[in-house]
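First comes the structure, then the notes that go with it.
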Amino acid sequence: MQTLQTKQAAEPQKVTPKVDVARKPAALTPGAQGFEAGRAALSPASAPLKPASMAPQAPAKTDPVKAPPPPQRDLPDPAVVKKDGVADPYAYQKNTRGAALYGTNGVQVSDVRQGAIGDCFLAAALAAVAGTNPSAITGAIKDNGDGTYTVRFYNLDWSGSKKAESITVDADLPMNGDAPAYAKSTESLELWPSILEKAYAQWKGSYDAIGHGGNAGDVMEALTGERSRSKSTGGDTDALWTRMKEATEQKKPMCAGSGDKDDAKYKDPKAGVYGWHAYTVLGVEEKKNGDTTEKLVKLRNPWAVRRRSADAAAVGDAENKAEFTLTYAEFRRLYDDVYFNG
Amino acid sequence: MLAMWLLWAAVVGAGPGENARMTPCTGTPVAPGAGTLAKAVASAPAGATLCLAAGEYVALVEIERSVTLIGVAGRTVLKGTGRGSILGLHEDGLDVRLEGLTFTGGVARQGGALALGAQSRLNVTDCTFTGNRAGEYGGGALFANRGELTVSGCRFEGNRGVQGGAVLLDGVVRARFEGCAFTGNQAEQGGAVRAREGAMATFRSVTFGGNASPVPGSALRVAGSSSRTPTVTLEGCTLGADTLGADEPYGGQVRVKDSTVPKDTLTVRGVVDAGGNVLK
């Protein structure tokens, strides 16, 4: 039987660590202590510098002898994605890279990069919540201090009331070379997108359970505990715009889904939008231009680039930024649904 | 009711989805064409009945009030635009009834023909779903993740989805299928039907045959999470050579009663033999 092979997984790419060599944790011992050791090594460099005139007057204190880090827990890991019954070749590796839960600038939309798994709906939703309500991300993840993280998700029941579900995972990740194979941060030593994706996979049973498409609205619900709803872009255009404008003003997360990947409009590199793919809607804007008002929609591809590298080269898009802006008319031409949360 | 339907089917030779309406439709007439149905639904008062004449309607309609749509079975065809579900229901508190409609060519991320994403009631009778597709998630013909869904006397043929070639039941939907037939549907998971999360579904007197998926569960495959799993009952159903399947490690429960099933079916993980089954 011919399999459908429909969803968009991110283009495999070589990840170049962005970390400054001077700040790279030195000589990390392979093993479970990597996370804590990495954080300790990073913290001096990430602390804000104070001018000499603001230096404290009190005599310097001697650092107390640090207690040894607690033993690291090793938890069962969710199974990787199966394609046509064959498991992905990515083996789990411990966090010997010294990656920390958050990088230098906390939770940012720009952190999220989808990996080689068909869960664009999840990556787009993570970025949407990160951009509008980052505390929903930080509040959902508890660092247990032993190399594990407990993530709180919400289920909405039949009556619409929410129930919290706690999922604990460690930081072992399926790796492709020296980078996580699935969701990762654009900051090479930041973990939160990988941890949230791993916990979501653990919750649903495996990476395979989330790697065959899904609903961005469900993920936003799981993170915020608020109802998601979808709207077709083919319905009442004024009502849809009003709703998108309200969501932008109220800082509510939004995602959008493109349509049939076989449609010619998704094969045009100039359009720079791919079919059967979920995007983060960063917001809408009404821009005055003389007597007219232009309606604009700002979007982000969860691949962390807008175009596949060949397409970017074909249209001379050297920067290939993940964030881009479309007119509302173009947005409605290229996207079929908008997912609202809250 | 089922006995009456079976008697009627025997007399006129009709199968699911081919049952002619016995009483004429009384309501607002709607003529075939592109966009005519969306316009009629948008202007209909809550509780209205729309009578769809025989013919083809190219449609992409968001239903935002309670309404009944009645067509001429086998002759009123709702064709998708290729840009989303033919009919979408995303507002709470509605009561929507569909009768005697053929849905074809619907293409959407989920629910090529119909999508129920709200705490509403959707009743579908004597309809045919053929050649619809859900390319990103599932439910080539029908997707529901909330509300109450009742489907009776319907045919699902040749639909495709990633999860659930014909139907994807997700979230907290409660569904009931009666006197329906699923044939020739295909998906990566759940050739005909995929039930996920907290979905609760009953299939009574439903026939499955010739549905396909590369993993077990060409008729039905269930998948849950660590906090909730779907519950499905098959009663008086016929599976032909189609199979049941469950995800690892969180599947769900499939209770099988008074059904005709392939001989290995009752030993599948998650399947509960509720008695009266015939093994073939």
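Readers should treat all values here as calculations from the given coordinates under stated rules, not as data from a laboratory. Keep in mind that this is a model prediction, so the values were computed, not measured. Ideal geometry is used to build each Cβ from the backbone, glycine not excepted, and the neighbour counts take in all protein chains shown.
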Under-5 Å amide H pairs with A:ASP146, H placed in peptide plane, nonlocal only: none
Neighbour cut-off at most 12 other Cβ (10 Å), DSSP loop, trypsin sites (Lys or Arg not before Pro), the range A:188-257: A:LYS251
Chain lengthening between A:ASN105 and A:ALA313 when straightened (0.36 nm per residue, less Cα-Cα): 71.8 nm
Per-selection Kirkwood Rh - the range B:38-85 (Cα, Å, 1 d.p.): 11.4 Å
18 Å Cα cut-off, lysine pairs counted over the range A:97-204 (separation 8 or more, or different chains): 5
Distance-filtered residues of the range B:43-63 - backbone nitrogen under 16 Å, label point 7 angstrom along A:ASP238 Cα→Cβ: B:43
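Within the range A:65-154, which trypsin sites (Lys or Arg not before Pro) sit in a loop by DSSP and count at most 14 neighbouring Cβ atoms inside 10 Å?
A:LYS66, A:ARG73
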Cut-off 11 Å (backbone N to label point 7 Å along Cα→Cβ of A:LYS287), residues of the range A:309-342: A:325-328
Percent breakdown of C-alpha pair distances by 10 Å bin, ordered from the shortest bin, for the range B:47-160: 17, 53, 29, 1
Counting all C-alpha pairs of chain B, share separated by more than 33 Å (%): 16 percent
Label zone at A:GLN250, where the point sits 7 Å out along the Cα-to-Cβ direction: the range B:83-115 residues whose backbone N lies under 18 Å: B:90-93
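What do the square roots of 5 times the Cα gyration tensor eigenvalues come to for the protein assembly as shown, in whole Å, largest first, as semi-axes of the equivalent ellipsoid?
Working from the Cα gyration tensor, I get semi-axes of 46, 29, 20 Å.
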Separation in nanometres of the label points that stand 7 Å from Cα toward Cβ, at A:THR168 and B:ALA241: 4.9 nm
All-pairs alpha carbon distance profile, the range A:231-342, 5 Å steps from 0, percent: 2, 12, 22, 24, 19, 12, 7, 1
Relative contact order %, the range B:66-110, counting alpha carbon pairs below 8 Å whose residues are six or more apart: 56 percent
Theoretical ellipticity at 222 nm over chain B - DSSP helices of four or more residues, -39500 (n - 2.57) apiece, nearest 500: -2000 deg cm²/dmol
D_trans [Stokes-Einstein, Kirkwood Rh over alpha-carbon pairs] for the range A:299-342, 37 °C, 0.692 mPa s, µm² s⁻¹: 277 µm²/s
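Where in the range A:296-342 are there GluC sites (Glu not before Pro) that are in a DSSP coil and have at most 12 other Cβ atoms within 10 angstrom of their Cβ?
A:GLU319
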Vicinal HN-Hα couplings computed from phi for the range B:96-113 (Karplus, 6.51 cos²θ - 1.76 cosθ + 1.60; Hz; Gly/Pro x): 10, 10, 10, 8, x, 10, 10, 9, 8, x, x, 10, 8, 4, 8, x, x, 9
Residues of type aspartates and glutamates that B:LYS263 reaches as a straight line, Cα spacing below 14 Å, ignoring anything fewer than 8 places off in the same chain: B:ASP242, B:ASP273
Cα Rg over Rh - the range A:102-215, Kirkwood: 0.94
From phi via Karplus (6.51, -1.76, 1.60), per-residue ³J(HN,Hα) for the range A:65-80 in Hz, x at Gly/Pro: 5, 6, 6, x, x, x, x, 8, 8, 10, 10, x, 9, x, 5, 6
